Amino acid sequence: MSRTPVNILDRPLGGRGSRAETQVSLSAFSYLYSELVQYHQNRVDSISELERRLESSGYDVGLKILELITYRNREYKREIRLMNILHFVSTQVWKAVFGKPADSLERSVENTDEFMIIDYEPLTSTFCSVPADFGQLSADGYMSGIVAGVLDGAGFSARVTAHSVALEEGEANNNNTNTSSSSGGAQSGNNGSLLPPRKEKAVFLVKFSPEVLERDAAMDR
Amino acid sequence: MSSKSSAAANGQALWAKVPKANAELFALTYGALVMEVVSDSDGNVDEINEQLEKIGYSIGIRSVDEFLAKSNSPYCKNLEETANVLGKTAFKMFLGINCDVQIYNPPTSFSLILHDNPLSLFVELPDNYKDTLQYTILYCGVIRGALEMLNYKVECTLIKSTLRGDDVDEIKVDLKNILQDGAGEDYQEE
């Protein structure tokens with residue numbers, strides 16, 4: 001059991017052994033995340049600054065996660081296409097980090113450089129209620145930072161922002177059955193039974209830099 | 001020892017029930033938090049340790065509520081039983097890890113020995129922080145906060161840390177005194 005103190009690069013990448021072991025309780029994570037938010041909150045004087053700091057915390061995590069996932073999947077081939085990397089983020093990254101794929105990936109109708117990753121039950125705001133005087137604060141800034149880190153690390157620089165959007169009538173029920181059947185894990189089932197249904201979904205708006213779009217368009221020719 | 005094994009069984013049952021989150025995300029999030037603290041304190045290691053302990057304390061005073069609400073643990077009659085519930089039930093329920101509890105004689109202190117430490121996953125301390133930065137001091141704060149809510153005033157120290165080259169993590173908890181219940185002096189009627 002005891003781990004010999006070897007250089008970190010020589011340790012196995014599999015985390016702590018079998019799959020079941022690489023988990024902690026959701027509450028432990030939530031306590032820690034809430035401390036992260038509070039720590040930042042005590043050091044800023046505006047909401048946008050708080051979001052920016054959460055994003056920058058997530059950014060470094062995103063870079064590391066990209067590296068970890070690609071090594072683990074033995075994918076030595078780099079994603080070079082825009083749609084592929086977005087799929088990679090919304091399925092593989094989401095599964096590896098949040099335990100389920102993102103609920104949907106949409107392209108903005110108005111702006112071709114904008115994409116939306118939608119999560120109906122974002123992990124970071126599970127136990128979070130935003131006070132009324134905090135306006136548009138989205139507690140999922142950390143997640144958008146992770147997405148930005150992954151995309152940037154893969155060479156697709158983008159500005160990613162998190163938004164909490166109120167669910168429309170009927171959207172919630174539909175989705176709840178969807179997620180529990182699609183992910184099938186005890187995880188989402190448990191969350192559903194303990195917590196009231198969410199009234200908001202998280203929309204991660206990904207706005208790519210112009211050069212990324214140019215590059216992608218050039219590859220189509 | 002029956003209190004030990006029942007505490008462990010209870011921990012196992014609770015762990016099976018609670019919703020889970022990815023341990024890697026947990027470790028990386030803590031890493032991000034430590035990075036922020038480090039960059040905000042200009043490399044003053046004492047300040048970093050103190051801040052991390054304080055963060056743990058604030059987790060501790062809140063997590064004990066959740067623990068008592070969910071765990072249905074029997075009433076602890078002495079420190080030894082408290083130590084077992086803490087190490088075998090609470091650590092298992094929140095972090096999914098097994099840790100050994102070692103009681104000292106006289107029974108005013110005990111040690112928790114962690115063979116597996118979710119906080120220090122992927123972590124290597126740079127040389128200038130290796131001997132001074134107590135990366136997992138968060139645990140000390142959590143234990144101090146949680147036990148303080150149960151009227152135990154304790155002092156926690158990290159005795160061994162895998163990040164410093166030891167083969168296990170060991171947290172020593174010393175009971176300082178037992179707080180009295182009731183309102184503070186300020187609120188007493190004259």
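Observations on the model:
- Estimated from helical segments only, the mean residue ellipticity of the protein assembly as shown at 222 nm is -14500 deg cm²/dmol, where each DSSP H run of four or more residues counts as -39500 (n - 2.57).
- Exposure check, 1.4 Å probe, all protein chains in place: residue A:163 carries approximately 80 Å² of accessible surface.
- Where B:171, B:159 fall by accessible area, highest first, once all protein chains stay in place (1.4 Å): B:159, B:171
- For chain B, the membrane-span-like helices by this rule, meaning whole DSSP H stretches whose C-alpha atoms cover at least 30 Å of axis and whose Kyte-Doolittle mean is -0.5 or above, are B:45-71; this says nothing about an actual membrane.
- Between B:73, B:39, B:109, the residue with the greatest mean-square fluctuation in the GNM of chain B (Cα pairs under 10 Å linked by springs) is B:39.
- Across peptide A:55-68, the mean count of Cβ atoms from other chains lying within 10 Å of each residue's own Cβ comes to 3.
- FRET efficiency estimate (nearest 0.05) - Cβ-Cβ, residue B:12 to residue B:178, R0 35 angstrom: 0.75
- Ranked from largest to smallest solvent-accessible area, with a 1.4 Å probe on the protein heavy atoms, B:149, A:219 come out as B:149, A:219.
- For the set B:88/B:172; B:70/B:92; B:4/B:130; A:64/A:95; B:20/B:70, the pairs lying more than 24 angstrom apart at their alpha carbons are B:4/B:130.
- Cα-based reach from residue B:176 at 18 Å (exclusive), listing aspartates and glutamates while leaving out same-chain residues under 8 positions away: B:53, B:80, B:81, B:148, B:155
- Solvent-accessible surface (1.4 Å probe) assigned to residue A:214 amounts to roughly 130 Å².
- Three-way shape call for the range A:67-137 based on the alpha-carbon gyration tensor, with the a/c threshold at 1.5: oblate
- Average other protein chain Cβ within 10 Å of Cβ, residues A:29-41: 6
- Sorting B:144, A:215, A:159, A:221 on solvent-accessible area from highest to lowest, probe radius 1.4 Å, gives A:221, A:159, A:215, B:144.
- Note on the protein assembly as shown: dipole from Cβ charges, positive end direction compared against A:156, A:217, A:91; the farthest Cα belongs to A:91.
- Using the Cβ-Cβ distance between residue A:207 and residue B:159 with R0 set to 30 Å, the FRET efficiency works out to roughly 0.05.
- Solvent-accessible area of residue A:157 with every protein chain in place, 1.4 Å probe, in Å² to the nearest 10: 30 Å²
The values are calculated or read from the model by the stated rules, or taken from the named source; none is laboratory data. What you see is a predicted model; the values in this text were computed from it and never measured. Because the Cβ atoms are built from the backbone with ideal geometry, glycine has one as well, and the counts that use them run over all protein chains shown. SASA here: full protein model, heavy atoms, side chains in, ligands and nucleic acids out. Shrake-Rupley method; radii C 1.70, N 1.55, O 1.52, S 1.80 Å.
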